[in-house]
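Okay, so here's the structure we're looking at.
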Amino acid sequence: MSSENIHEGGIGSNSMELIEIQLNGEVHQIEKTASVLDLVNSMPLESAAVAVERNRAIVPKSQHGDTLLQPGDHIEIVTIVGGG
């Protein structure tokens with residue numbers, strides 16, 4: 001398993017304390033103080049069209065900024081695609 005730092009959007013830096021999480025099945029290192037919102041904003045996604053699951057529980061969009069990530073969290077981020 002590879003470990004990856006998420007640097008885009010300010011998540012993760014060599015001078016900051018990092019924690020490991022599972023993001024969509026892969027190990028990633030992120031800044032210790034990162035929230036779900038920080039993580040979403042660091043990814044090349046349209047944040048209005050994502051759903052986030054943390055440890056098998058959906059994190060409501062209204063709580064993304066207040067939900068701090070913890071070491072060992074299992075995060076799944078999925079995009080919502082419309083169409084028919």
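Just the residues that are of a type in the set (S, T, N, Q) and either within 13 Å of Ile80 (Cα to Cα) or surrounded by 15 or more Cβ atoms within 10 Å (Cβ to Cβ) (or both), please, taken from region 42-61.
First, the residues of region 42-61 that are of a type in the set (S, T, N, Q): 42, 47, 55.
Correct list: Ser42, Ser47.
Does Val78 satisfy being in contact (Cβ under 8 Å) with a residue 24 or more places away in the chain and either touching a Lys or Arg at 6+ places or on another chain (Cβ under 6 Å) or of a type in the set (Val, Ile, Thr) (or both)? Walk me through it before giving the result.
On the way: in contact (Cβ under 8 Å) with a residue 24 or more places away in the chain: yes; either touching a Lys or Arg at 6+ places or on another chain (Cβ under 6 Å) or of a type in the set (Val, Ile, Thr) (or both): yes.
It is true that Val78 is in contact (Cβ under 8 Å) with a residue 24 or more places away in the chain and either touching a Lys or Arg at 6+ places or on another chain (Cβ under 6 Å) or of a type in the set (Val, Ile, Thr) (or both).
Taken over region 60-75, the criterion of being farther than 19 Å from His28 by Cα and either in contact with a Ser or Thr (Cβ under 8 Å, 6 or more places away or on another chain) or touching a residue at least 40 places away in the same chain (Cβ under 8 Å) (or both) is satisfied by Gly65, Asp66.
Any idea which residue in region 21-41 is nearest to Val81 (Cα to Cα), counting only those that are crowded, with 17+ Cβ neighbours inside 10 Å and of a type in the set (A, V, I, L, M, F, W, C)? By that ranking, first place goes to Val40. The set of residues from region 65-81 being in a strand (DSSP E or B) and surrounded by 15 or more Cβ atoms within 10 Å (Cβ to Cβ) comprises Ile75, Glu76, Ile77.
Could you check, for region 57-78, whether at least one of its residues is of a type in the set (A, V, I, L, M, F, W, C), modelled with pLDDT under 95 and within 24 Å of Met16 (Cα to Cα)? Among the residues of region 57-78, not one is of a type in the set (A, V, I, L, M, F, W, C), modelled with pLDDT under 95 and within 24 Å of Met16 (Cα to Cα), which makes the answer no.
The values are calculated or read from the model by the stated rules, or taken from the named source; none is laboratory data. Just so it is clear, the model here is predicted, and its values are computed rather than measured. Here Cβ is always computed from backbone atoms with ideal geometry, including for glycine, and neighbour counts include all displayed protein chains.
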